[in-house]
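A short worksheet on the structure shown next.
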């Protein structure tokens, strides 16, 4: 049987935010706060840096726009220059729409797949799923998890610390073997 | 500190949007309870049977169309664009309200949208699928529809990127893809809820697969929220661009009545107007059948009616401005095109449009009509009838009499025009009913954000 970390339950978003602040101040780094919905102010309480996803989306959007404009220019100026009702081959105002659409399309892919990459999902197995009570977190429960990979991790100390800051239902995450 | 007797603004808002004693637990139970129902309601089976019958009509008609060609439609010379284009524009327009609700109202932090956004986004998805059918089949030779795409081929042939029809293809295709991504991203936390509540192993596996292993940690929410915000941000100009591009199919031509610069904003306003009509129709039925009147409340219907009043007035303004410009331009063809709309052989189409889109929404100035459910239900259907006639006016009435009287003709739809249009309702409702049966129709995670206790700072700021 292996252990993976400790989870503790808190009553509401206010308690969860305060718990996050205390865990952050105690020097833990590999912990997470689980809730049924995103909680305002939690990033600061946990001491998280700003998400880098914006850069990914920006780069993808720029790529899409350049690709869209380049594709149209290449088609009508180089590959297949065809005179249609006397329109100029390099009719750049007419390229604005497809350039824009491809920018949006690429940004959207960047946003969704970038989000999946940063969140490491799909990931169907995670130690927190070993707890049965934890499943309420997608409905109405608020949990903190501290993982064994944290340099300050010590099972007894973490358990008493979580108890001290008001956690209930403290549980050690263990697999079934 | 807050006095017990004085309620904060957030609490007053929440009481209107989620009346009664609702909390995180009851919200989950009520919303997730619908797809978890053991016994499917009889009304669902009746509607599903009807939808499947219409879908069969659709499949048969489209099959015959592909076999026989577009000659089975009523299109003629000069009306080369008939019901297929009318229906395409109509369905795309309906989709717009979904994106407006999910993206634009999200950016404006209108959290009343949280009760109806899932619903509206799903409507968008299926409406855009129905819309995409028409450009697909009206090309006649459907097996070469992929020529729309810039794919390298042995013929060395490329689409004409300077043509509005190709812009349109790119715009609608992008719109569908982005709407699908937005919808699915919003669903991930709710799929995790259904996974965690699933009673059978099969359900847990299926919902679990699509939930991607979501565990609601803030390290996930952080990136998730940013992705969601950016999707809302890019969907906003996208949705405004889509119907503008659709309108440029008409506006870049030289046909009197089409060649006007007012088309893009006018089409966008009309699209939002018709889309809210459809959201209203669907949500009135769903809240009744599934007893969700405490989640999709009169307050929500009232706000939707207000948006319909606004956009209805905008299209009314556009109709009158078109007439003014037709007269002011001094162009005989332009003036004739508009007089012909109102007083020509298809006068009934024009006045049906004016009645449904301009007269009917005026009742929404009064609160009692905005909160009268049978009235709202009937008007929401009239709105979409009116918007269908608007496209009929633009497409058929404009084309049937253009420059030379010798080239004029009347247009008559055939049974196949009708059956394919009716059939798309089968396509739409089959998809929509399956969604109602298996997925949460209200966003569970977002509905909770309306409750004041979801914000750890409530009571401190105000």
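What is segment A:53-118's relative contact order, in percent, from Cα pairs under 8 angstrom and six or more apart in sequence? Working shown, then result.
Numbers: 64 pairs, mean separation 37.4, N = 66.
Relative contact order, segment A:53-118: 57 percent.
Using alpha-carbon positions, what is the distance between the centroids of segment B:189-243 and segment B:157-176, in Å?
That distance is 30 Å.
For chain A, restrict the atom set to alpha-carbon positions and state the Rg and Dmax in Å.
Computed over the Cα atoms of chain A, radius of gyration and Dmax are 24.8, 80 Å.
How high is the relative contact order of segment B:9-454, in percent, with contacts defined as C-alpha pairs under 8 Å that are six or more residues apart? Can you show the working numbers first?
Values: 590 pairs, mean separation 148.3, N = 446.
Across segment B:9-454, relative contact order equals 33 percent.
Assign one of three labels to segment A:45-86, namely rounded, prolate or oblate, based on the Cα gyration tensor with a ≥ b ≥ c the square roots of its eigenvalues; rounded applies when a/c is under 1.5, prolate when it is not and a/b is larger than b/c, and oblate otherwise. Could the numbers behind the result be given before it?
Numbers: a/c = 10.78, a/b = 5.56, b/c = 1.94.
The shape class here is prolate.
For segment B:369-389 and segment B:406-446, compute the distance between their C-alpha centroids and round to whole Å.
Value for the Cα centre distance between the two parts: 18 Å.
Please arrange B:300, A:125, B:259 by counting, for each residue, the other beta carbons lying within 10 Å of its beta carbon, fewest first.
Details: B:300 21, A:125 8, B:259 16.
Fewest to most other Cβ atoms nearby, the residues stand as A:125, B:259, B:300.
Compute the angle between helix B:117-138 and the longest alpha-carbon principal axis of chain B, please, reported from 0 to 90 degrees and rounded to the nearest 10.
Here the helix axis deviates by roughly 30 degrees.
Measure of size requested: the Rg and Dmax of segment B:191-345, with Cα atoms as the atom set and Å as the unit; please supply both.
Radius of gyration, then largest Cα-Cα span, for segment B:191-345: 23.2, 72 Å.
Please work out the C-alpha center-to-center distance from segment B:38-86 to segment A:136-159 and express it in whole Å.
Centre-to-centre distance over Cα atoms comes out at 55 Å.
Would you mind calculating the relative contact order of segment B:1-129 from Cα pairs under 8 angstrom and at least 6 residues apart, reporting the percent as a whole number? Don't skip to the answer; put the middle values down first.
Details: 44 pairs, mean separation 22.8, N = 129.
It rounds to 18 percent for segment B:1-129.
Please arrange B:122, B:99, B:379 by how many other C-beta atoms lie within 10 Å of their C-beta, fewest to most.
Details: B:122 21, B:99 29, B:379 24.
Placing the least packed residue first, the sequence is B:122, B:379, B:99.
Helix-derived [θ] at 222 nm for chain B: sum -39500 (n - 2.57) over DSSP H runs of at least 4, divide by residue count, nearest 500?
Details: 16 runs with 298 residues, N = 462.
Rounded to the nearest 500, the figure is -22000 deg cm²/dmol.
Send over the Kirkwood Rh of segment B:17-95, from the inverse of the averaged 1/r over different Cα pairs, rounded to one decimal Å.
17.3
Pull out the extension gain between residue B:36 and residue B:298, defined as 0.36 nm times the separation in residues minus the alpha carbon to alpha carbon distance; nm, one decimal.
On the way: separation 262, 0.36 × 262 = 94.32 nm, distance 2.55 nm.
Gain on stretching residue B:36 to residue B:298: 91.8 nm.
What FRET efficiency do you get for residue B:310 and residue B:11 if R0 is 22 Å and r is their Cβ-Cβ distance, rounded to the nearest 0.05?
On the way: r = 28 Å, r/R0 = 1.27.
Efficiency at R0 = 22 Å is approximately 0.20.
I need the shape label for chain B. Rule: rounded when a/c is under 1.5, else prolate if a/b > b/c, else oblate, with a, b, c from the alpha carbon gyration tensor.
prolate
For chain B, take the longest principal axis of its alpha carbons; what is the angle in degrees between that and the long axis of helix B:332-343, to the nearest 10 within 0 to 90?
Orientation of helix B:332-343: about 60 degrees from the principal axis.
Return an integer: the convex hull volume of the alpha-carbon atoms of the protein assembly as shown, in Å³ per residue.
Working: hull volume 118.7 nm³, N = 639.
Value for the protein assembly as shown: 186 Å³ per residue.
Please work out the FRET efficiency for the pair residue B:367 and residue B:26, using the Cβ-Cβ distance as r and a Förster radius of 22 Å; give the result to the nearest 0.05.
Numbers: r = 29 Å, r/R0 = 1.30.
E(calc), rounded to 0.05, equals 0.15.
Once fully extended, how much extra length lies between residue A:29 and residue A:132, figured as 0.36 nm per residue of separation less the alpha-carbon to alpha-carbon distance? Could the numbers behind the result be given before it?
Numbers: separation 103, 0.36 × 103 = 37.08 nm, distance 2.49 nm.
Residue separation times 0.36 nm, minus the Cα-Cα distance, leaves 34.6 nm.
Measure nothing fancy, just the Cα-based angle from helix B:415-438's long axis to the longest principal axis of chain B, in degrees from 0 to 90, nearest 10.
On a 0 to 90 degree scale, this one is about 10.
Please rank B:281, B:193, fewest neighbouring Cβ atoms within 10 Å first, as an exposure proxy. Let's see the in-between values first.
On the way: B:281 19, B:193 25.
In order of increasing Cβ crowding within 10 Å: B:281, B:193.
Could you give log10 I(q)/I(0) at q = 0.12, 0.22 Å⁻¹ for segment A:53-118, computed by the Debye formula over C-alpha point scatterers of equal weight, without solvent?
One equal scatterer on each Cα of segment A:53-118 leads to -0.38, -0.81.
Residues in segment B:263-299, backbone N under 19 Å from the label point at residue B:324 (7 Å along the Cα-to-beta-carbon vector): list them, ranges by number please.
Those under the cut-off are B:263-270.
Based on the alpha-carbon gyration tensor of segment B:1-132 and its eigenvalue square roots a ≥ b ≥ c, which shape applies: rounded if a/c is under 1.5, prolate if not and a/b is larger than b/c, or oblate?
On the way: a/c = 4.89, a/b = 2.01, b/c = 2.43.
Taking the square roots of the gyration eigenvalues as a ≥ b ≥ c, segment B:1-132 is oblate.
Taken together, the values in this text are just the output of simple stated rules run on the coordinates, not laboratory data. Quick caveat, the model's predicted, so the values are computed rather than measured. Glycine gets a Cβ as well: all are built from the backbone with ideal geometry, and neighbour counts include every protein chain shown.
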